[in-house]
Structure formats: C-alpha cells, structure tokens
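**Q** Questions regarding the structure given below will be posed in turn.
The values are calculated or read from the model by the stated rules, or taken from the named source; none is laboratory data. Since we're looking at a predicted model, the values are computed, not measured. Cβ placement follows ideal geometry from the backbone for every residue including glycine, while neighbour counts extend to all protein chains displayed.
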Amino acid sequence: MREAIKREPDDTKVLADLHAQVARLLLEDKRFPEALEETDVSLRLNPENALVQRSKIVALLELKRYDDAVGLLRGVLDRRQ
C-alpha cells in the first residue's frame, strides 16, 4: 500500500483513501501512534471523511488522549448540525 501512495501523488482523493486504509490496518495491529499519523495525513487531504474521523477518534482513545478525542467528536457533531 505504501508503494501505491508513492505512485499517486497528484490525486488527492486516492491519496487520502490510501492513507485511510493504512490507518485502518495500523489500528487493527494496535499501532496507534502510527495510525494517528496516517489519519492526520488523510484528513489534511479530505477533511470531511467521517470514517477517517472515526479512526482518528479510536486511535486517540487508545492512546488515552481523551480530551483530544472528545474535542474531535464535538467538532464533527457541530459540523453536522
């Protein structure tokens, strides 16, 4: 997957989706700091992706960064209203 990321530098949607997939795999492997980094990259490219926002919240919770997780969740909910 990392090779695909290197090959798709110009298509931000594809690149965001690839980073999101890497984040999900890292979450499954319980590699939470790395997953958080991948969600950040993906969200910079596509900030409205709800699945990536969820993945980021999960990573934050697993890292015991509760205030950050709550803040992100509140921001997501505020934008949806």
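The rows are residues; the columns are (1) in a helix (DSSP H, G or I); (2) surrounded by 16 or more Cβ atoms within 10 Å (Cβ to Cβ); (3) within 13 Å of the chain's Cα centre (by Cα).
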site: Val41; (1), (2), (3): yes, yes, yes
site: Pro47; (1), (2), (3): no, no, yes
site: Lys56; (1), (2), (3): yes, yes, yes
site: Lys64; (1), (2), (3): no, no, no
site: Asp68; (1), (2), (3): yes, yes, no
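**Q** Are there any pairs with C-beta distances below 7 angstrom linking a residue in segment 31-49 that is under 14 Å from Ala69 (Cα atoms) to a residue that is of a type in the set (D, E, K, R), with the two at least 6 apart or on different chains, and if so which?
**A** From residues that are under 14 Å from Ala69 (Cα atoms), the pairs are Phe32/Glu62; Leu36/Lys56; Thr39/Lys56.
**Q** Of the residues Leu60, Leu27, Leu18, which is at pLDDT below 95, surrounded by 16 or more Cβ atoms within 10 Å (Cβ to Cβ) and under 13 Å from the mean Cα position of the chain (by Cα)?
**A** The match here is Leu18.
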